[in-house]
Each structure stands twice: as C-alpha cells, then as structure tokens.
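Coordinate-derived values only; no laboratory data. Note that the structure is predicted; figures quoted are calculated from it, not measured. All Cβ positions, glycine included, derive from the backbone under ideal geometry; neighbour counts span all protein chains shown.
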Amino acid sequence: MNDRDTDSQLHLEILKYGVNQYSILALSIALFLVVIATVVTAYQIAGAVTMSGMAHAQSTSFALRILDLMPFVFAVWGQYTGYLMARKAGAMIIQETDKLRAETTEWKKKSQHEATHDALTGLPNREFFYKRLRDALLVASRNNESVTILLLNLDRFKEINDAFGVKNGDYILSRIAKDMGRVIQPQDTLARLGGDEFAILLYNLPDEATAVAIVGRVQKVMQEPILVADENIELSASMGLASYPDHGNDADMLMQCSSIAMYSAKKGQKGYLMYSPQLNQENPRRVTLMGQLRGAIEENLLELHYQPKVDLLTDRVVAVEALVRWRHAEYGNISPAEFIPLAERTRLIGPLTDWVVRTAVNQSLVWKARDLKIGMSINVSAKDLIDTELVNMLEELVTSTGIDPSALTLEITESSIMADPKRAISVLQRLHGLRFNISIDDFGTGYSSLSYLSRLPVHEIKIDQTFVRGMRTNSNDETIVRATINLGHNLGLSVTAEGIEEEDILMTLKKMRCDIAQGNYISPAKSLPELEAWMANYSVKGRAAHQGDAE
Ligand code: C2E
Ligand code: MG
Ligand code: MG
C-alpha cells in the first residue's frame, strides 16, 4: 500500500467513525424511547408498572413492536450512511491530493528550471552548462570519445547596448540565442554563460573539420542582420574552441583553454581559434594568473585593503570599503579589476568572495571589540548573485560569529543586477530579510530603470566615479551627479560619491548634500596598519576641518 492509499484509508476511517457516532446516538435515543413507551403502555393496560405487565404490553401492542425495530433501523442506517459518506469523502480527498501533488511537482519543476536556466533567453545557465560538461566528460572518458567546447563572445556588444539601449540589447541577445539553437544538433547544449557570452557543448565530433563547419554556421547566424530601431544591425562574434582529451581532462581546464582561444581570436580579430598551447605564450600573464588564482586563495596570498568612506555632514569616517589585492611573487600587487573577471570566468569567484567576506567580517568584529563604530562595505560579484551559495554562507556567518548584519553593506554593481533583474531581486530580498545593507555600486552605468530602482531593497547608491571625476570638466556630469543625489534622496536612500580626487569636487558634493564621500583625495585604499594609522591621524584633522567649515 502506498502513502496515498494509507492516507485515504485513514480519512475514510475517521469519517466512518464520525457518522457511526451519530448512529449510536440515534440508537440510544431509540432504545430509550422503546423503554419509556413500554413502561407507559404497561401502566395504561394494568394500572401499575410490573415486569409481567411490561412483558404483556410488549407482546400485545402492535405500536410497540414497530417501535422495537427502530434501534435496528438506526444501526443499519449508521453503518450504511457512514460507509457511503466515507467513500464519497475519500474519493474527494484523493482527487484533491492528486491535484495538489500535480501542482507541487509543477512548481518544483519550474523552480528547478529557473535555477538552471537564464531568464532572458531560456537557455541553460553557466552552472547547468558546467554540470552538463562534467557529465559529458565522464561518459566520454568511459567510451573513449571526445567533447568540444565552443565559447562565443559577441564583438562590440557594449557599444550596441549603449547606442540602442538595454531593451534592444536584450532583444538582440534573445534573437541570437534562438537562431543559434537552430544550427546545433539536439544532443548538443547551447548555454548563456552571462552577458554577451554563450557556449556550445559539442559531443564526440568526428574531426576538426566538423567543428569548423559548426563555427561557419554560427558565423552565418551572426551575419543575418537584425532590425532594431529602424536600423539593420550586423553582429560578429569571437569564438574559442577546446577539446577533451586533446587540451585538458577536466571542466575547469577546458573552459580555461577555450577562453584563452576566444581571447586570442578577439585580439587578433580572427573570428575563431582552436586552442593550442602556443596561444599561452601570446597571453602569458592572463594564463599564469588563471592557473594560479586557486592556489593564491588557498595559500592566503590575497589581502584586503580598506578605503575610508566619510560622512559629509560630520566629516567622520563612518565606514570602509574592503578592496581585495593579490600579492603576486612575479607581478607584484595585482588589481582586482584584472583578476576578478578571471575568477568569474573560472568559477573561482565563489571561494574568492567567501574569503573576502570572512576576512572583512573578522576585521569588523575586531573593531567592534575595540568599540570602534566602522561600517564595512564588501563587493559582491554578479556571479555570486546567480546561486544561493552567497546568502547561505552569509546566514551561517551571522549565526557563527554573532556579527550584526546591519554593520555590513554589500556592494553590488548596477550592471550585475540588470544582467538578470528577477533573480537579483530575489537574492537581494533574502539579504535584506537578513538585515544586511545593500548598495548599488557604479550607479549610472547599468541602465536600471526607475521602476526597478524603487523595487530594489537597497539602502545606498554609489555614483560611478566617471561622473564624479568628470564633474570638473563636463557640466553634463555635474548635472547627472546632482540629479542622482536628488533621486537617491527622494527614494529615501543614502548617496555615496566615489572617485573624489580633488578638494573642489568634494566641496561641490557637500553643497549638493551628497551623504558620503570616498576617493583618493580623502584617502586611497590602504593596508590595515596603514589605514589604522591614517584613521588615528584623521580623527583629529577631520574634526578640525569640520570646525573650520562651521566658522
Ligand atoms: P569598486 O567597487 O567601484 O571600487 C572602487 C575602485 O575605485 C577601487 O579600485 C578603488 O581603489 C578605486 N578608487 C577609489 N577612489 C578612487 C579615486 O579617487 N580615483 C581613482 N582613480 N580610483 C579610485 P580597485 O580596488 O582597483 O577595485 C576595482 C574594482 O574591483 C572594484 O570597483 C570592484 O568592482 C572590484 N573589487 C574589488 N574588490 C573586490 C572584491 O573583494 N570582490 C569583488 N567581487 N570585486 C571586487
Ligand atoms: Mg565597490
Ligand atoms: Mg564603484
């Protein structure tokens, strides 16, 4: 007997029991009436109530005989109705449970689909592609077959997005996704890895010529003009190919090789390139860094630097932004702008963010223990927003360290929110639910619409530094900064300006009632000991400056 049968059997029994209780009540009333009627009839016949009188009454009165049958009638009725009702109700319960089950399965399927597919194009996402790749490699190694990755990045897509707007950009991406789907075999997987990057997993191609033929078909798709805003747009893409077993044995290695090939193709404007070890020499730094990043995270070669954020009303340092650095034996200090994209590409961004968050939280706890009230801003990558790993890790960290989440701000760039707004909003809502502050970084470069902005559970916007730096020479930038500050305030958000390099810009921002300032003019990002020395000095200077302002 399965669960459903046991459930409905139980419901049936309960119902039967309920109905039978009524029949027992009716039975008792009937019995009671029989006794009373017998007593009354015996009294009427003999003028007294005796046992023999009652027996006589029973045997002579027809009405009493009829009444005698009532308890049996009720007993049978109870059994019968109980059975019928229980059956009917049982059937109803089974039907409803079936419906509910079907709905739950549908929901489960839907949420699984959402977690593994890209919302815009409906194609498998990066995570799912990796899973397929790993599965394919497993089968291929058993059967002595090959697996080829074709990695594709659109050329000049950012310019197209800038020129035609993000809606048209989205339209172009989904059109391309659909058209590319038509040129691959059903057993192959086409995925959108993010932004304007796609990948095709090709299973057991007979030879290189077949791969080249597929590349040709994809290129043909790209050349078909797409009509956008009355203009025919012709696209092109750079592609990189890498194969198992020729170029690597595992998913990470193959992805790395295909991206090296793709970058070389882009650089040399070659359309496509098949990976060869010789390409490593053309991008030695990139290849070395990609290969060494995992080790750098594990061996603690990363370091956090901190850049102060100053409240423009009080001139106090209210927070710092944690900015990661890589101390590389050969290349010296490497900027995150160089290795974060590599980490995102090789899926090391998860462990990297993990390290950054834990280190920053520990520092925060140290300051808290010393009674220093300094907020901590942490940068989170677009890729961290895709899965739920980040939220789970943060939740666990809050429980295990007891840190107050409202002392932490998670900075998320506007463009990474807009890459998949639906998913981003749901992750941000969970983070907001955990009481973390959320800041939109590089605001003004990610095309978010006002309707999105008002729906995001954010606390702060950070005006992108290009506008802040441009204020000096470009009056448009000044207008943009002023408008952004007002917009932020109207939405009840705190506004930070970053990239302040000169005093007069700082003063203008103060006049514009910007809330928080950050930039090299105040202080560049510093190592922990340098920052602490600077802060001790600044608290004296800062207050003096504030008093100076007041005079
Ligand atoms: P961001 O979050 O917008 O950080 C601000 C960047 O501007 C930092 O560069 C900072 O050093 C720099 N900066 C601040 N003030 C000035 C100024 O006045 N003039 C100029 N020219 N630059 C200024 P950095 O540290 O190189 O970081 C670059 C980007 O890398 C960051 O941009 C952020 O998007 C990313 N990043 C940094 N650390 C992390 C991290 O731990 N995780 C993630 N996912 N991304 C990070
Ligand atoms: Mg930031
Ligand atoms: Mg920024």
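Considering only Ala369, His113, Val147, the residue lying farthest towards the positive end of the dipole of the chain is His113, judged by Cα position with unit charges set on Cβ. Excluding residues on the same chain fewer than 8 positions from Lys309, give the lysines whose Cα lies under 22 Å from its Cα. Correct list for Lys309: Lys368, Lys373, Lys462, Lys510, Lys511, Lys526, Lys541. Expressed as a whole number of Å, what is the distance separating the alpha-carbon centroids of the stretch 354-415 and the stretch 441-511? Value for the Cα centre distance between the two parts: 24 Å. Around the amide H of Leu193, modelled in the peptide plane, lie the amide H atoms of Phe198, Ala199, all under 5 Å away and 5 or more residues distant in sequence or on another chain.
The calculated pair-distance distribution of the stretch 219-354 uses every alpha carbon pair, bins of 5 angstrom beginning at 0, and gives 2, 9, 14, 15, 13, 12, 11, 8, 7, 5, 3, 1, 0 percent. Derived value for the stretch 186-238: Kirkwood hydrodynamic radius 12.9 Å. Basis is the mean of 1/r over every pair of different alpha-carbon atoms.
For the stretch 191-202, backbone phi angles converted through the Karplus equation (6.51, -1.76, 1.60; θ = phi - 60°) give residue-by-residue couplings of 9, 9, 7, x, x, 9, 10, 10, 9, 10, 9, 10 Hz, Gly and Pro being listed as x.
Dividing the summed -39500 (n - 2.57) terms of all DSSP H runs of n ≥ 4 by the residue count of the chain sets its mean residue ellipticity at 222 nm at -20000 deg cm²/dmol. Between the stretch 269-319 and the stretch 229-267, what's the alpha-carbon centroid distance in Å? Distance between centres, Cα-based: 20 Å.
Across the stretch 3-116, counting alpha-carbon atoms alone, Rg and Dmax equal 25.8, 91 Å. Estimated translational diffusion coefficient (Stokes-Einstein, Kirkwood radius over Cα pairs, 25 °C, 0.890 mPa s) of the stretch 62-208: 118 µm² per second.
Entry note, the stretch 126-282: relative contact order of 28 percent, from Cα contacts under 8 Å with a spacing of 6+ residues.
Dipole size of the stretch 1-136 about its Cα centre, with +1 on Lys/Arg Cβ and -1 on Asp/Glu Cβ: approximately 220 debye, rounded to the nearest 20. For the stretch 3-116, the relative contact order works out to 39 percent when only alpha carbon pairs closer than 8 Å and six or more residues apart are counted.
List the GluC sites (Glu not before Pro) within the stretch 299-405 that fall in a DSSP loop (any state other than H, G, I, E or B) and whose Cβ has at most 11 other Cβ atoms within 10 Å.
Glu299, Glu330
Take the Kirkwood radius over Cα pairs of the stretch 81-136, plug it into Stokes-Einstein at 4 °C and 1.567 mPa s, and you get 91 µm²/s for translational diffusion.
Return the lysines within reach of Lys109: Cα separation strictly under 26 angstrom, same-chain partners fewer than 8 residues apart disregarded; answer none if there are no such residues. Straight-line reach from Lys109, under 26 Å: Lys99, Lys131, Lys178, Lys383, Lys422. Ranking Val398, Ala517, Val49 by Cα position along the charge dipole of the chain, where only Lys, Arg, Asp and Glu carry charges on their C-beta atoms, puts Val49 farthest toward the positive end. Amide H contacts for Gly519 (H built 1.01 Å from N in the peptide plane; partners 5 or more residues away or on another chain; cut-off under 5 Å): Gly499, Ile500.
Applied to the stretch 459-473, the Karplus parametrisation 6.51 cos²θ - 1.76 cosθ + 1.60 on θ = phi - 60° returns per-residue 3J(HN,Hα) values of 10, 8, 10, 10, 5, 4, 5, 4, 5, 5, 5, x, 4, 5, 9 Hz, with x for Gly and Pro. Magnitude of the charge dipole for the chain, about its Cα centre and with charges confined to Cβ atoms of Lys, Arg (+1) and Asp, Glu (-1), is about 1320 debye. Near the amide H of Lys309, within less than 5 Å, lie the amide hydrogens of Val318, Ala319, Val320, Glu321, all on another chain or at least 5 residues away, with H placed in the peptide plane.
I'd like the GluC sites (Glu not before Pro) in the stretch 114-180 restricted to DSSP loop residues with at most 15 other Cβ atoms within 10 Å, sorted by number.
Glu145
Working note: Debye formula, equal point scatterers on the alpha-carbon atoms of the stretch 126-282, no solvent; log10 I(q)/I(0) at q = 0.19 Å⁻¹ is -1.18.
Taking only the C-alpha atoms of the chain, Rg followed by Dmax gives 36.9, 126 Å. In terms of packing, defined here as the mean over residues of other Cβ atoms within 10 angstrom, the peptides 479-488, 53-62 line up highest first as 479-488, 53-62. Working from Cα pairs under 8 Å separated by at least six residues, relative contact order for the stretch 374-526 is 17 percent.
For the chain, the residue among Gly195, Phe436, Gly499 whose Cα projects farthest onto the positive side of the dipole built from Cβ charges is Phe436. The phi-based Karplus calculation (6.51 cos²θ - 1.76 cosθ + 1.60; θ = phi - 60°) puts the 3J(HN,Hα) values of the stretch 528-535 at 4, x, 5, 5, 5, 5, 4, 5 Hz, whole numbers, x for Gly and Pro.
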